[in-house]
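> Below are the structure tokens for one structure; questions will follow.
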Amino acid sequence: MKEPVILFQDNLRYAVPNLLLGDIVCTVTNSEYNQELWDEIKAYETELREKLKIESVKHIPTIKATREAYKSCGKDPNRYRPSAEQLNRRILQGKELYHISTLVDLINLVSLKTGYSIGGFDYESVAGELKYGIGQTNEKYEGIGRGKLNIEGLPVLRDELGGIGTPTSDEIRTRIRGNSRLLLMNINAFDGDTDRLNDTINWSVALLKKYVSAEIHFLTVNR
């Protein structure tokens, strides 16, 4: 098993010089549903609705930094919202968080609470070296729950077969499945805040151990 060292391509490094990526690789035992996790999610949904208005979501520092990164890369963040912004807006619109599986629900909680857009991948489905760059014209990409996604101008994580993740939506080929055993969790810290990223990594590890019996193999900050 290889440590997830991710090469930043020059176009992305130039557009978003402060970008940090926090990566966790762990063995997990996923489940269909976890009541204790959902109690935690519901409690935070209530807290969020009490403290925030929908028009304020884009000003959350981590979300604001992601939106600015989109603009720098050439994408309109109002048309292609970062996933953390999508989650926050959904809750503040009075809707419930989607239930997928314990592992995906856990990642969504971390994204919702921190404002970081987070990729979750079946690491056994990832092919070879990982590179992080900017989407090009007519790249093939099928976003989870979105169908064909125009990733031109989006930050995009690629393996040797093509794009696997953007901060808007992950690609269906490497998605987390119910029987996924090896997770790559990719935290997009466009704000460049090392302390906040490390706190998010540590909290994520605690949740992963608690809810999916994670055995941690690698903790990496790529910069």
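The values are calculated or read from the model by the stated rules, or taken from the named source; none is laboratory data. Everything numeric in this text was worked out from a predicted model, so none of it was measured. Reconstructed Cβ throughout: ideal geometry from the backbone, glycine too, with neighbour counts over all protein chains shown.
> Out of Y123, Y80, Y132, I need the residue that is among the hydroxyl-bearing types (S, T, Y) and within 29 Å of R49 (Cβ to Cβ). Which one?
Y80
> Pairs, please: C-beta under 8 Å, at least 6 apart or cross-chain, first residue under 24 Å from T62 (Cα atoms) and free of Cβ contacts under 8 Å to residues at least 12 places away in the same chain and in segment 172-192, second of a type in the set (F, W, Y) and surrounded by 24 or more Cβ atoms within 10 Å (Cβ to Cβ)?
Final answer for the pair search is none.
> Moving on to the next point. Scanning segment 26-45 for residues that are among the acidic types (D, E) and in contact (Cβ under 8 Å) with a residue 12 or more places away in the chain, which turns out nearest to M1 (Cα to Cα)?
Within segment 26-45, the match that is nearest to M1 (Cα to Cα) is E32.
> Ok, one more. Among what's in segment 17-65 and is over 20 Å from W203 (Cα atoms) and of a type in the set (D, E), pick the residue that is nearest to the chain's Cα centre (by Cα).
Looking at residues that are over 20 Å from W203 (Cα atoms) and of a type in the set (D, E), I get E32.
> If you don't mind, another one. Can you run down the residue pairs with Cβ atoms below 8 Å, 6 or more apart or on separate chains, where the first is in segment 46-66 and among the polar types (S, T, N, Q) and the partner is modelled with pLDDT of 95 or more and part of a helix (DSSP H, G or I)?
T62/A84; T62/T114; T62/R196; T66/A84; T66/E85
> Of everything in segment 102-135, what is in a loop (DSSP other than H, G, I, E, B) and either surrounded by fewer than 20 Cβ atoms within 10 Å (Cβ to Cβ) or among the β-branched types (V, I, T) (or both)? Give them in sequence order.
V126, A127, G128, E129
> In the list A206, A214, which residue meets the criterion of being crowded, with 16+ Cβ neighbours inside 10 Å and farther than 25 Å from K64 by Cβ?
A214
> Follow-up question, since we're still on this one. For segment 158-211, enumerate the residues that are among the basic types (K, R), in a loop (DSSP other than H, G, I, E, B) and closer than 25 Å to G133 by Cβ.
Passing the criteria: only R175.
> From the list L48, L20, exactly one residue is farther than 20 Å from F121 by Cα, crowded, with 16+ Cβ neighbours inside 10 Å and out of contact with any Pro (no Cβ under 7 Å at 6 or more places or on another chain). Which is it?
L48
> Within segment 28-36, is there a residue that is assigned to a loop (DSSP other than H, G, I, E, B) and crowded, with 20+ Cβ neighbours inside 10 Å?
Yes - at least one qualifying residue is present in segment 28-36.
> Can you tell me which residue within segment 1-27, out of those that are in a loop (DSSP other than H, G, I, E, B) and touching a His at 6+ places or on another chain (Cβ under 9 Å), is modelled with the lowest pLDDT?
M1
> Among the residues of segment 151-164, which ones are surrounded by fewer than 21 Cβ atoms within 10 Å (Cβ to Cβ) and touching a residue at least 24 places away in the same chain (Cβ under 8 Å)?
E152, G153, D159, E160, L161
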